Each structure stands twice: as structure tokens, then as C-alpha cells.
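The values are calculated or read from the model by the stated rules, or taken from the named source; none is laboratory data. This one's a predicted model, so the numbers in the text were calculated from it and none came from an experiment. FYI the Cβ positions are ideal-geometry reconstructions off the backbone, even for glycines, and counts take in every protein chain you see.
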Amino acid sequence: MLRCSLLFAAVLTVCYGQGFDADLAVNEPAMGRFGENIGRDFGNGGFGEAGQSIGLVDADHSLGPMDFQPDFAVHDFTGFPAEPSMNSIDSSAGNSMGFPSQNPKDFSSSSMNNMNLELEGSFPNAEISFPKSVFDDIDIFNISQPNEWIAGLDKIDEEVKRTLELAAQEREKFDKGMKEEYNEFFKFIGRYQKTYEDPEAIFDRFENIRNAMDQIKTENEELGEQVFGLTPLSDLSDDEFIHDYTGLFQHKQPLNISLASEDDLTIVVPQSNHGTANETARKGKKQQAATRTRPSAQVPKQFDYRKKGAVGPVAHQRGCGACYAFAVAAQVEGAVAAKTGKVVPLSPQELISCTTNGNDGCNGGYLDLALKYVKEKGLSAAKSSPFVSSRGQIPQCQVGRKVGKIKNYKQIPKRREDLMQRFLYNQGPLSVTIDARQLRHYKHGVLRPRKPAGGWQINHAVTIVGYGEEKVPFWIVKNSWGTEWGENGFFRLLRGQNSLAIGQESYVAFV
């Protein structure tokens, strides 16, 4: 277990002459106790209103397996209990990490000096590990009074305790050959705070978990590494998973959308700070036009907008099949942050409620129609239009002040992952479509998916926020299934081979 304090950060800075976060590869938008302390030092506290506004909590939704709630113990990517508040949000500036707003290109660990940092765990593969869960070593078949043990559990919702009691009661119905699997199922309920209504539901979900365990074992053996494991989605049926946790429509006819090309790869070089504000104003558009240039075709070997402070918190679509809305909201907020240096979480709910020109709320929609809406009307902050559609209900379209604006969007030519990489680096995060079927049980590592015999079936939308290389090149992708899934809500995917059909339909937004 690793504990870092201000002294440790100072020692690192003095001894190595570089920032604290240079080599730890921490998932900055979802940093657990780390983020909590940073936010507290800046006077932000916990999630509060901002946490509710980004689709992490809604007022009519009781605590679910992956929800965030202020002042309640949340879980890290393994599902083990952690400390409250994954990361703090500056509700005034909209900065998702509680840092002062600054240009993401210049974001460095110097920003983290003079903070009281307390870290627990290790940092492999951009993950944070926390102390073990009380459910890790439990054997429900060896507890004579399980209800007493369950009653003594701390920070567990009463409905979850009732489900644990029901599962403990039902354990005697399973023979010795199923004891190990059922015990894992019992742990699963506790780790992810699942609630099931009756014995029939217990049996159905246990069958789903058994099937998931068989699939996970086979897939890990084929890969030769432990990439898959039980996740909060592992108790779903195939139909539930596709309907509730994806939600992408595909056009039957070719899209009438402008294709991005290398001519669009122009950037505005930051202007010199020399001269007064009045002098800069007098130069106006003429100087601005003169500073536009085409960037080099060369891009860094690794790049991550999370480390630049340009990625907002991971949201959770919670049973609303509106991945298109979450992907576009994440893309636009990242593109705006990459330009302004300030993260303002944007509203997926507005896209769910207001893009009725072909999209169908929680029953699915198109990426391009969501982007078209943002281009024409802009997008409100999540605080103004919070996510409330976790159970599929779609409120009337309501909007606030538009803070997410784009000038244009274009589709990147199919399977041009080289262009995707350059647009990502120079313009901001990309919204893309994928086949999500091999993601349900993803835990960590670089996913190298097998192409199914029947080909890819595109059904989900996500947001690419970076790329890197670890034995193989990979994309860093932000999902909308909460932070208990994957690597704190993100996943890494083999890059350059159209994995999961990620190069089939991708969009760049121009701010």
C-alpha cells in the first residue's frame, strides 16, 4: 500500500525535477481519494449539485450498483469500497478535477504542488487500486448466521442488505458443484450493490453470472492474459445489455456529411503575449488569420487528454439506451476544454430530450444528428439540464445557457485510423461507433478483440480521448457505463486494425 503526502510530492519534484504525475499515469478524471483531497484543497468538497448534474445521480433514482452519490462510499474499478467522492468538480469554472482552469496543452504537475495528497494503492495501467473488499474472502456457505454478518456491514444500502439476505437464504438450494460459482455470485451482489426482488430473480441473475464466468474463462485463456472479469454488467442478459447500455442507430443510406481531410488539419498557433491588450485588439482578425498553420503529420507516440485536464467525469447511462448523447456530450466538452483550458460538463439529457429529428431518446439515436443539433443550437451545461432518464423516462426539452458550441463537424474517412489519430491530437476527442459485445466483461488492459464469424455489429457510441503504446498501439476510450466498469470507466483498445469496427464511423468537431 502506498501513501503519498505533500512531503513525498515535494521530494519527487526536488529529486527528479519533474512533476508528480509524470509517470504515475493516473486516470485524472476519476481519481478516487486523490481527487477528493485535491478538490477539498481548492474548497470544492464533493460532488454536490455538480455531481447530480452530469448524469451521475438523479433525484428519483435510488442507489444503484454504479451510481455516484455525495457523501456515500463509492467503488473503484474493481468494485471494492473506496472513500467518498471520486473527483471534485469546480461548479463555477466547470473544471472536473478541482484544478484552476488553464490551457490543457500546458497542464503539468507543477499545478499539483502545495497540495495535501494522500494516495492508497498502486498505479498499474492508469488504474488506482484500493484496499480489499470485505466480500473478497467471504464464504457464504461457511457462515452459520449470515443475517447477523450482513446486518453488521457498513455503508451498504438496506435494499442491498435485503438482497444479500435473500441470496444467503437461497444458497442451500445449490449442490456442491455450484458452491464456488454461487459464492462468487454472492460476492458480486455485495461488491456492486445489486438489488434483486425475489428468489426467481436471484436464480435468473445467478444463471447469467454462471454464463459470464464461463465466457470470461474462455476469453482469458484464448488471450493468454486476464483482460476480462465480472463487471457490474455481467448479470445482464444479452438483450438487456444491448437495449439498456448501448443505443446506437445506423443509417441505411450513405450519410450526406462532409468528409474530413488533411486540409482540415489546421490549427491556430497561440499568439505572443507581447504587447498590450489594445494593440492585440487592433490587429484583430488579420493577425488571427496569419497564425493559422497546418500541423506536422508527426504526432507524439502517446497522448492523453485526461492528463491535459480536458476530460470531464465519466457518466453512467444507467439503463437508458442513449450512448449517442453521452458520446457527443463528452466529445464536445473535451473539444471545448482543449481550446479553452476549462472543463464544463455538458448535458446528455438535452440531446436525449431535444434531438427528436430521428433520434428516439433512450431507445437509440444517431451520432451525426446529435452533432448537428450542437452545431445549430449549442449544448447546455449538465448543471442546467441534469440527467434524469435512467429509467427510460424522457422529460420535455428544456435548455439552459449554451456553453458547448462547435462551428462544424465532419466524418473522418472510414478505417483511416492514422487520420483519426491526427485529428484527435490537433482538434480534440472524437466520437466513434463500435461493436460493444466484447466489452461487457472488460476489466483492464489492452483489448485485442477477435472479429466474430458474422462480422462486427455496430451498436454503441463512445469517445476517444487519447492513444498510446504498450507492446501494441492502443486507443484510450471513454465509455458511459460508470467508473466501476473497466479502467475507471475507460478502456484501451488495439489501434490500427479497425478493432470493434472503431474506424467505421468517426467524427471530429471543430470549435
Test result for LYS194, of a type in the set (D, E, K, R) and surrounded by 19 or more Cβ atoms within 10 Å (Cβ to Cβ) | yes
Which numbered condition ASP139 misses (of (1) in contact with a Lys or Arg (Cβ under 7 Å, 6 or more places away or on another chain); (2) closer than 27 Å to GLN226 by Cβ; (3) at pLDDT 50 or above) | (1)
From the list GLY224, GLY247, which residue is modelled with pLDDT of 95 or more and small (Gly, Ala, Ser)?
-> GLY247
Give the range 386-405 a look and list any residue that's touching a Gly at 6+ places or on another chain (Cβ under 8 Å) and part of a loop (DSSP other than H, G, I, E, B), or say none.
-> PRO386, PHE387, SER389, SER390, ARG391, GLY392, ILE394, LYS405
